[in-house]
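The values are calculated or read from the model by the stated rules, or taken from the named source; none is laboratory data. Predicted, not measured: the structure shown is a model, and the values here were computed from it. Ideal geometry is used to build each Cβ from the backbone, glycine not excepted, and the neighbour counts take in all protein chains shown.
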Amino acid sequence: MRKYLIILLVLSLTLTSCVNVTKSKVPNNTQPETDLTQQISPVPAKDDNNKSDGNIENSYFGQYQMSDEGFSKYVKDNSIDKDYDVELTNLQESPEFSTQGWIELESKYIDAWDKELNNTYNNLLEKLNEKEQEKLREAEKGWLQYHTKESEFITESWDDLGLGSQGRVQAAMLVKSRIRERSLQLMEYYFMLGEEVAFLYKGIDK
């Protein structure tokens, strides 16, 4: 039964992740040093200038969906995802490819998204009143608890299945996926408050 649960988990990640998947283990230093999070407000009512064109490739399927002119441009065009895709392709095509190298690559981009998460959280707090700040702190504590327990579950379950280094790659990818999703969610809240979203990450060549 456990084996089927893990298979379903892998299939779910394959359908929802923005990166290519294969299996893995959680690095020890990948948990964000924050205490933030929760839905702040409902989605603003759509007007004629903020409608989705129905194109799946141009939509952001996160907590909210917005048009190309809205928040989704930050999801589609951010340098973190672009550089990750380039580095992963180069790694996979390299004669020096190894699963350990892949784990290290995942850890690099876990750290990049973790920094965005912390920075966005702090920026968001500055725009909220005292009551809203407390709600956000409580919500982030809940998210961090979920993130930690989910990582522990996957690591222990996949170790029991003997997935080895491939399992460690997959688990690291799952960690990155959760932190990325949370970072973008908080960025979207910040954007909804009328603020301009700016990434700390400037790219490999900058």
Practice problem: Scan segment 83-92 and give yes if some residue there is at negative phi, without any contact (Cβ under 8 Å) to a residue 12 or more places away in the chain and among the β-branched types (Val, Ile, Thr), otherwise no. | Solution: yes
Quiz item: Are there any pairs with C-beta distances below 8 angstrom linking a residue in segment 187-206 that is closer than 28 Å to residue 87 by Cβ to a residue that is at pLDDT 90 or above and part of a loop (DSSP other than H, G, I, E, B), with the two at least 6 apart or on different chains, and if so which?
Solution: 187/197; 190/127; 190/197; 191/197; 199/78; 201/78
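Being surrounded by 16 or more Cβ atoms within 10 Å (Cβ to Cβ) and farther than 24 Å from residue 204 by Cβ: is that true of residue 112 here? Break it down stepwise before answering.
Values: surrounded by 16 or more Cβ atoms within 10 Å (Cβ to Cβ): yes; farther than 24 Å from residue 204 by Cβ: no.
So residue 112 fails the test.
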Quiz prompt | Criterion violated by residue 63 - all others in (1) polar (S, T, N, Q); (2) at pLDDT 95 or above; (3) not in a helix (DSSP H, G or I) satisfied | solution = (2)
Practice problem: Output yes when any residue across segment 146-157 is in contact with a Lys or Arg (Cβ under 7 Å, 6 or more places away or on another chain), outside any helix (DSSP H, G or I) and either modelled with pLDDT under 95 or closer than 30 Å to residue 101 by Cβ (or both), and no when none is. | Solution: no
